[in-house]
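Please treat every number below as a calculation from the coordinates, not as lab data. From a predicted model like this one, the values you see are computed outputs, not experimental measurements. Please note: Cβ atoms are built from the backbone with ideal geometry, for glycine as well, and neighbour counts cover all protein chains shown.
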Ligand code: MN
Ligand code: MN
């Protein structure tokens, strides 16, 4: 038996321990992470858009006994309800044992993801091919969205007030769509463009058909044939695109990655990789101490604007309703409330390490990431959590033996980004970002580690107690 040196003993006492979480996890934890990933992948496949994710969340919540919020109804500890904000954002509320004036616990994730939205007048014909014009949503690297199979999801809201849902391209027996790119043989000029401009916004045109309607005189016969199909299938005309929300998303399903199947590859993991654990934490916490509010927000990828985004009164009014139910002062409730802004951070990529500052970067399999601040150019545009609140979260995670790490979104001045944290902080709530590290964030196929996803769930469940 060898004795450790005085220096080694002192190091163990004083140095921060930074270690792969899987190394410390027992087999049952790894098995539980594997099991959790199954439900998560199913959620991803059923939730390609904010509307579908909202619907999935409500379905899961209803099965767990949540019912729709009824104004005027008296809620008591143990009651569970959901609030559906226009089918695009959802709140789940678990009424807790403690009076809400002592604060509620808020977990806020977002369910919108980067994609290609159809323009209001999208359909056109060129060289006897039919295409859709798109306007990308969120921060995408445009070149990544060419030559991959795309599905079309969303709704037509018709003039008669009915809403026609659309989902085509997910099943293998359905057609899908594609944005075409140049062949390398003829890309000499295009190859001189910068990467940001390699594919321009107006070049993200989606191929949707080629058969002409049989006629010898008329023009635009391919476009006509597509409209004929759409009219038969959905009862729409070209004008119905004007009041539609149709989104092109990658058509592939969530898959395991690696010989060891330790990773998950999928579209839309930012931020459904936090939304799903947040939903599961809510449904698996029947009687929380503090009232738990789980927010699944829309519009985060374009700045949280709009009435389904978190820079709206949506959350504030939910807290007001919770306060009103108990005859409490809602400003007091907000002041004492705590929030996890559940969003992803960038994992360090072995191939692109130089954008990270290694001592403050997040790594796959190191567990859930705490991000004290996001922002850019000297912390601009972040709420920057207080030392005291980070201390609270740190203690909570360590006491529950949950693998966690800290992360910063890349090197200082390498770029930056933001989350919903600052909008919740603006309400006077303590908030810090907590989430899952992701490789290829905002790409059509993003990578996460099953272990980290499960640690995010355990963290949110602990927070909900
Ligand atoms: Mn996000
Ligand atoms: Mn994002």
- Message: Can I get the semi-axes of segment 411-465's equivalent ellipsoid? Compute them from the C-alpha gyration tensor as square roots of 5 times the eigenvalues, in angstrom, largest first.
- Response: 22, 20, 9
- Message: Taking 0.36 nm per residue of sequence separation and subtracting the Cα-Cα distance, how much length would be gained by fully extending the chain between residue 13 and residue 399, in nm to one decimal?
- Response: 137.2 nm
- Message: Which order do the peptides 196-208, 447-459, 164-176 come out in when sorted by mean C-beta neighbours inside 10 angstrom, highest first?
- Response: 447-459, 196-208, 164-176
- Item | Rough spin-label spacing in nm, given labels placed 7 Å along Cα→Cβ, for residue 180 and residue 324 | 5.6
- Task: Rounded to the nearest Å, what's the spacing between the alpha carbon centres of segment 224-246 and segment 119-196? Just the number, please.
- Result: 16
- Note on the structure: Of all DSSP beta bridges with both partners in the chain, the antiparallel percent, nearest 5, is 70
- Item | Relative packing of 94-103, 431-440, which averages over residues the other C-beta atoms within 10 Å, highest first | 431-440, 94-103
- Query: In nm, to one decimal, how far is the residue 351 label point from the residue 202 one, both placed 7 Å along Cα→Cβ?
  - Reply: 3.2
- For segment 115-250, fraction of C-alpha pairs farther apart than 18 Å, in %: 58
- Task: Report the relative contact order of segment 1-87, percent, no decimals, based on alpha-carbon pairs under 8 angstrom and at least 6 residues apart.
- Result: 17
- Message: As a test of the formula, what do you get for the chain when each DSSP H run with n ≥ 4 contributes -39,500 (n - 2.57) and the sum is divided by the residue count, at 222 nm and rounded to the nearest 500 deg cm²/dmol?
- Response: -8500 deg cm²/dmol
- For a label point 7 Å from the Cα of residue 165 along Cα→C-beta, name the residues of segment 51-82 whose backbone N is under 12 Å from it. 51-59
- Task: Find the centroid of the Cα atoms in segment 1-20 and in segment 401-465, then give the distance between the two in whole Å.
- Result: 29
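Need one number: % antiparallel among DSSP beta bridges in segment 1-144, to the nearest 5.
In segment 1-144, approximately 90 percent of DSSP beta bridges are antiparallel ones.
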- For residue 24 and residue 213, calculate 0.36 nm times their separation in residues minus their Cα-Cα distance, and state this gained length in nm to one decimal. 61.7 nm
- Note on the structure: In degrees rounded to 10, the 0-90 angle between helix 27-46 Cα long axis and the longest Cα principal axis of the chain is 30
- Query: How large is the Kirkwood hydrodynamic radius of segment 13-125, in angstrom, based on all distinct alpha carbon pairs?
  - Reply: 18.1
- Averaging sequence separations of C-alpha pairs under 8 Å and six or more residues apart, then dividing by the length of the chain, give the relative contact order as a whole percent. 22
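Calculated FRET efficiency, residue 102 and residue 412, Cβ-Cβ r, R0 56 Å, to nearest 0.05? The partial results should precede the final answer.
Working: r = 38 Å, r/R0 = 0.68.
It comes to 0.90.
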- Query: Label points 7 Å out from Cα along the Cβ direction at residue 135 and residue 121: separation in nm?
  - Reply: 1.3
- Expressed as a whole number of Å, what is the distance separating the alpha-carbon centroids of segment 285-359 and segment 34-104? 14
- Under 19 Å from the 7 Å Cα→Cβ point of residue 305, by amide nitrogen: which residues of segment 422-457? 422-424
- Relative contact order for segment 115-250 using alpha-carbon pairs under 8 Å, separation at least 6, rounded to a whole percent? 39
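Compute the normalised compactness of the chain: alpha-carbon radius of gyration over 2.2 N^0.38 Å, N being the residue count. Working shown, then result.
Numbers: Rg = 23.9 Å, N = 465, 2.2 N^0.38 = 22.7 Å.
Dividing the Cα Rg of the chain by 2.2 N^0.38 Å gives 1.05.
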- Task: Provide the packing ranking of 362-368, 232-238, 245-251, 409-415, i.e. peptides ordered by the mean count of other C-beta atoms within 10 Å per residue, highest first.
- Result: 362-368, 245-251, 409-415, 232-238
